[in-house]
Amino acid sequence: MDAEALADMFAAFGPIRVRPMFGGQGIYADGLMFALVAFDDVYLKTDVDLARRLEAEGARPFVYEARGRTISMGYWTLPTERIDDPEAVAEVARLALGVARRAAEAKPVKKRGL
């Protein structure tokens, strides 16, 4: 999925920035990664509540295999029914950005060496 297609998908949400990462793409707003593209799917950053909501809409978690283990991350697919509806995408994108903001605020501030 190219940056232009993603910008169209998230048009009602607002401006996004797309950056390559690990064979996929990170999707950013306000300097925070709130979504990613991997394996031709768009995944949104979630907390427990948003994950449950997306799961109820048929979304799947982002999982991969590494060293014989299945790794699950806090990202779930954008539900198929929402993909062609910019307002529906914007609704869950705003929630995902809120999750990203709360996660960023919860991280301890790194001290710089003198």
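For the stretch 58-114, what are the residues that are among the β-branched types (Val, Ile, Thr), within 20 Å of Phe13 (Cα to Cα) and out of contact with any helix residue (DSSP H, G or I) (no Cβ under 8 Å at 6 or more places or on another chain)?
The one that is among the β-branched types (Val, Ile, Thr), within 20 Å of Phe13 (Cα to Cα) and out of contact with any helix residue (DSSP H, G or I) (no Cβ under 8 Å at 6 or more places or on another chain): Thr80.
Six or more apart or on different chains, Cβ atoms under 9 Å: show the pairs whose first residue is in the stretch 42-60 and over 24 Å from Arg19 (Cβ atoms) and whose second is of a type in the set (D, E, K, R) and surrounded by 16 or more Cβ atoms within 10 Å (Cβ to Cβ).
Final answer for the pair search is Glu57/Arg82.
Given the condition at pLDDT 95 or above and among the aromatic types (Phe, Trp, Tyr), answer yes or no: does some residue in the stretch 12-20 qualify?
For the stretch 12-20, residues at pLDDT 95 or above and among the aromatic types (Phe, Trp, Tyr): present.
Taking the conditions exactly as written (under 21 Å from Glu105 (Cβ atoms), within 12 Å of the chain's Cα centre (by Cα) and not polar (S, T, N, Q)), does Ala38 satisfy them or not?
Judged against the criteria, Ala38 is not a match.
The values are calculated or read from the model by the stated rules, or taken from the named source; none is laboratory data. Just so it is clear, the structure is predicted and the values come from calculations on it, not from any experiment. Note: ideal-geometry Cβ built from the backbone for every residue, glycine included; neighbour counts use all protein chains shown.
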